[in-house]
Each structure stands twice: as C-alpha cells, then as structure tokens.
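What follows is a short report on a single structure.
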Amino acid sequence: MTAGRFGSIPSRRGGAVHIVDAPAVAVKRLSAMLGGRPALLDITFELEEGRQLAIVGPNGAGKTTLLRILAGLLSPSGGDVRIHGHGPCGHVCIAYVPQRSGIDWRFPVTVGDVVMMGRVQRIGPARRAGVRDRHVVREALAAVDLADLAERQIEELSGGQQQRMFIARALAQEADLILLDEPLAGLDVHSRAEVLDLIASLRDRGVTAIVALHDLGVAAASFDVILLLKRRMVGYGRASDVFTEMHLREAYGSCLHMAEDASGAFVIHDTACSGGDDVVR
Amino acid sequence: MSFVEWIVEPLRYPFMVRGLTAAASVGGLCAVVGAFVVLRGMAFMGDAIAHSVLPGLAAGVLTAGRGDRRILFWWALGTAVAVALGIGWVSERGRVREDTAIGIVFAGMFALGIALISTVRGFAVDLVHFLFGNVLGVSNGDLILIGAFGGAVLLAVLLLYKELVVVSFDPTLARTLRLPASAYRYLLFVLIAVTVVVSLQTVGVGLMLAMLVVPASTAYLLARRLPAMIAIGSLFGVLSGVIGLYVSFYASVASGAAIVLVAIGFFFTALLLSPRRGALRRFQRN
C-alpha cells in the first residue's frame, strides 16, 4: 500500500509540475568544479521513483557535492540534472537533510518549530500556519516517533532524535525526494538502526531517498541501488555488482580492508585515510 | 523623598518625558532586531553599521549646518542602509572573509567620519553627541521618526517572521524551499541599519552594539523559544532604557552609559540565575 502523504491534493505552491513517467532522478554526464578543481566528472545515472540509493566513496569523493547539486544548491559545471523531468531549482519537493555538525543546536526553537519550518514556503509570507499545516506537522512527528518531544528544545535531543527530526521536517515539506548527508555519522548502534528503519519506511510513502554513507556494509544491506563514487562513477547498480574487489580498490586504493566472514560475505572497512574532507559549503 | 515622588519628580520635565519615551521605544526595538543579531552571530556587523553612520552625519553637518537635525537623520539613514547593503554584497561574493570585509568597511567609514567632522569648527561637541548619544535632546519630531521607522521595522519582522527564522536557523533549508534567501538576508541587514539610525540619538554610535546585543542575550539565557526570547528581550530593553534614564537623572551619569550599564546588570543577573543556562543552575547540578 502506498500510504498517501498527508492528504491527496499535492499543493505545490510554485513548484515545478512533475512529468509523469520521467524518472525521479536523471543525471547525465554531470561534472562539477569546486574551487577551480574538478569535484565530479562524468556522472550518469537514473533512479526510479520510490527507490533508495546509497552514495558511498572515500572522503573527498564528491558525495556532498553531488547531493548539493541534486538539491539545486550548487550549479554543475557541465551535464544535466533532471528531477521528475525538470531542473532541481524549480522544485520545492526536494528535502536536503544536512550533516548534524552544521546546525546551531542552541538556537531557541523546539522540535515542532523545526518541523514546521518545512512548511514555510507553502504557508507563504505574512501568513500563519493553518489547520492543515499543523496537522501535517503532527503526522510527520508521529511518523518519526517524536510526537512526545515536540515541545523540547532541539539541544535536548539525542543525535538519533535530531536526525529523525530532520526527516520529519522533510515529510512536513511533503518532499518526494529526500537527500541525506551522512545521517548515521556520530550515532550509536541503536540510533543508527532506528534512523535506517525510518529511511527504509520512506519506501511505503513513495518517497525517493538518496543517502551519502560511509559504511559500505550498511549500504549493501539496506539500499536498492549503490553509487560508488570517487569523483568519477566507479560503479552503479546492485551491491553485488558494485562492491567487487576491483571497484573497491579503484575507489579506496590500499585504504580498504576486506575479509571474508563465515557466511562468505565480504566484511569491508573503509579506513578513510585518502584525501581531504568532502567540501561542505 | 518617597518612592512615588522619586518616580514622579523627573516627569515634571518635558525633556525627561520625551527622553523616557525614546529610551523605552529604542530599548524594545533594539531587542527585537537584536534577537536575530545574537542568533546569527552578527554582533560585529551591527557594530560596524553603527560606526559607519558617522561620515553620513558629518556630511549632513557640513551641508546643512548643525542646526537642522532632521537632515542629519536622513543622512544617517541613507549611509547606514548603503553600508548594510555594501557589506552584504562584499561578504556574499568577496575574496576576503566576512569579518575581514566588515572590519575594513567599519574602520574606513569611521575614520572618514572623524576626518570630515574634524574640518568643522567646534567639532568636539558634535562628536561627543554622535558617539554617546543625547537622549535628553530628543524633540517631538524625533519621537515621530522613531515611532514611524521603528514601527516599520517591527511590522516587517512580524510579517516575515517565519522566513527570517528559517534564513537565520538553516539557510540551506531556505534555499531548498526556494525562498528568496538572499533577499531576506539583505532585508535583515537593512532592518538592523534602520534600527541603528533610529536608536542613534539615545545611546550613540559607541554604545549602539550594547542595545542590540545585551537585552537579546539576556533573553537568550532565559527563553527556550524565539517568540519568548523576543518578548523577554524587549521587556529588558524597555526596562533598561527607563531605569537607566532615572539613574542618569539622579546620579548625573551620562544617559547612554547608564542605560547600557543597567542592561549589562540584567545580563549578569540572568547569567547567574537563569534556570536553563545559569551559573547557579550548573552549580546545583554538579
């Protein structure tokens, strides 16, 4: 069942109208420069609506850059990006969940306030949140299991709860495409599982998700499609096709430890020692 | 002298009534705009806009003479808005860091202002008024200007509150929601500029920053949500203005300085006693 996202009428104030049958994301020969140096080269892939893509690769591979281009926050230097048939800048249905480290957690807002921010564009200037807005925010909070914490100041949340709050904000935004940048960074095992479950549950809502990850094991276990990135596209497809020894050596060089465990699956550790950090701007 | 007499005595003087009205209005207004200044870490920016007004005032004095203060207001307003937009523009695409750009504009404009004023005979008196304010010299016309422009700033904050909060808290969200984030950022700069000019006569260039930052920071220590922070900040702003002016009246202290010292007193009290972030609370927890 595709549980309709909060009411059946998609009120897309000013957003681009989606072209039916167009893939949720279509990237063609994309390249990008950052600070005069190539950050992404010749990326081409398509992602169907409702599918979940993990972007993996070493530090500095361009994961954040790719997400920011897909969100329309950064312009590519070449190639073409289509979201539901249009360039990303026309859409208000793309939610970008930033790395937690970039947020001022002492800002005097509650969890409910932050989730309501996802609706600011729909409410419009000089207007207050209406009945429907409050309803959508309540449902979004319930969907991520934070309804009880709506009145909490955001500083009082755990890392996992903070991440779930941002996913709730994406739901309140009525996003069709959710981009998450390292949502598991700095979380304990329990919170990671909760956030992963929540991301998986987006499938039922028909939401397309693209997630930048460090953990190759998680990517292989929980995502439909994998994009292995090292400025170029090293591999794209199902985990078994992408995570070959050749691909991994190409992406990570000698910084990768592989070992076969009892069940025959590869256990992979990215020691992340290659190159600088993803540029976050 | 009884307490009531103590309160009523200054009100016999019309200049004190006008001064109190101005100080209270400016105190409240600065705290509202100051909430955004504090949360966005724009204190330096606010200080720079205040100091950059000086060459505008000097140009006003040079062209119109010292007598016509109304002209000075418009000169100050024009300069402040131009500087606010200029800093915004430079920091958006500049090759230097934002605080560096602000520092250069700040120092350059301030020096230019002093240079211009020094060409006027008897400039020291003017300079002191500009630097430290002269709230007891406020006229009815000044009060009308404070009311009109202060009211416009408050109206803008009220109408665009949601958007200003999003742009301040998470600029990336503002951009994915396709809000005109850059326009809102410039708007905030202009609101700060107008607030600075409106408040100039009360506390002067030198202490302007305190009125923008101190009551809002006091409220930051006490409030958990932004609307409460703004309300509490305004309350402390108004109280600082009124109490400061009484202190000034009875202790014969410079009015701007008295107002700021009262505001600072509130801040340290809150720092000590705040239930959420206070030192006493931290001590209890340990």
Q) In whole angstrom, and with the biggest value first, how far do the Cα coordinates of the stretch A:131-199 range along each principal axis? A) 37, 27, 17
Q. Straight-line reach from A:LYS28: which aspartates and glutamates have a Cα under 18 Å away, not including same-chain ones fewer than 8 places off?
A. A:ASP42, A:GLU46, A:GLU48, A:GLU49, A:ASP80
Q: Could you tell me what percent of the DSSP beta bridges with both partners in the protein assembly as shown are antiparallel, to the nearest 5?
A: 55
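What order do you get for A:THR110, A:THR208, B:THR63, B:THR176 when you list them from fewest to most C-beta neighbours inside 10 Å?
Details: A:THR110 19, A:THR208 26, B:THR63 10, B:THR176 29.
Going from sparsest to densest Cβ surroundings: B:THR63, A:THR110, A:THR208, B:THR176.
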Q: Count charges around A:LEU41 for me, please; just the other residues with Cβ under 9 Å from its Cβ, Lys/Arg as +1, Asp/Glu as -1.
A: +1
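When the helix-only estimate is applied to chain A (DSSP H runs of n ≥ 4, each -39,500 (n - 2.57), divided by the residue count), what is the mean residue ellipticity at 222 nm, nearest 500 deg cm²/dmol? Provide the component values of the computation, followed by the final result.
Details: 9 runs with 78 residues, N = 281.
The helix-only estimate for chain A comes to -7500 deg cm²/dmol at 222 nm.
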Q | the stretch B:3-275 - Rg over Rh from alpha carbon coordinates, Kirkwood radius | A | 0.97
Q.
Between B:PHE15 and A:ARG134, what is the label-point separation in nm under the 7 Å Cα-to-beta-carbon projection?
A. 5.2
Q. Taking the Cα centre of the protein assembly as shown as the origin, how large is its charge dipole in debye, to the nearest 20, when only Lys and Arg (+1) and Asp and Glu (-1) carry charge on their Cβ atoms?
A. 1340
(Q) What distance in nm separates the two pseudo spin-label positions at B:ASN140 and B:ARG225, each 7 Å out from Cα along the beta-carbon direction? (A) 4.2
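Work the Kirkwood hydrodynamic radius out for chain A: mean of 1/r over every pair of different alpha-carbon atoms, inverted, in Å.
19.5
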Q) Mean residue ellipticity at 222 nm from the helices of chain B, using -39,500 (n - 2.57) per DSSP H segment of n ≥ 4 over the full residue count, to the nearest 500 deg cm²/dmol? A) -28500 deg cm²/dmol
Q: Would you work out which of B:LEU235, B:LEU112, B:PHE169 lies farthest towards the positive end of the dipole of the protein assembly as shown? Charges go on Cβ: Lys and Arg +1, Asp and Glu -1.
A: B:LEU112
**Q.** Extreme residue, positive dipole direction of the protein assembly as shown, given options B:TYR13, A:VAL137, A:ILE154 (C-beta unit charges)
**A.** B:TYR13
Q: Based on other C-beta atoms within 10 Å, arrange A:GLU139, B:GLU5, A:GLU182 from fewest to most.
A: B:GLU5, A:GLU139, A:GLU182
Q: Within chain B, what's the longest run with no trypsin sites (Lys or Arg not before Pro) in a DSSP loop and at most 11 other beta-carbon atoms within 10 Å? Give the range, please.
A: B:122-286
Q) Would you list B:CYS30, A:CYS93 from fewest to most Cβ contacts within 10 Å? A) A:CYS93, B:CYS30
Q: Could you give the C-alpha radius of gyration of the protein assembly as shown expressed as a fraction of 2.2 N^0.38 Å, taking N as the number of residues it contains?
A: 1.14
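None of the figures in this text is laboratory data; all of them are computed from the coordinates on show. Predicted model, so just to flag it, every value in this text is computed and none were measured. Here the Cβ is made from the backbone with ideal geometry for all residues, glycine too, and neighbour counts use every protein chain on show.
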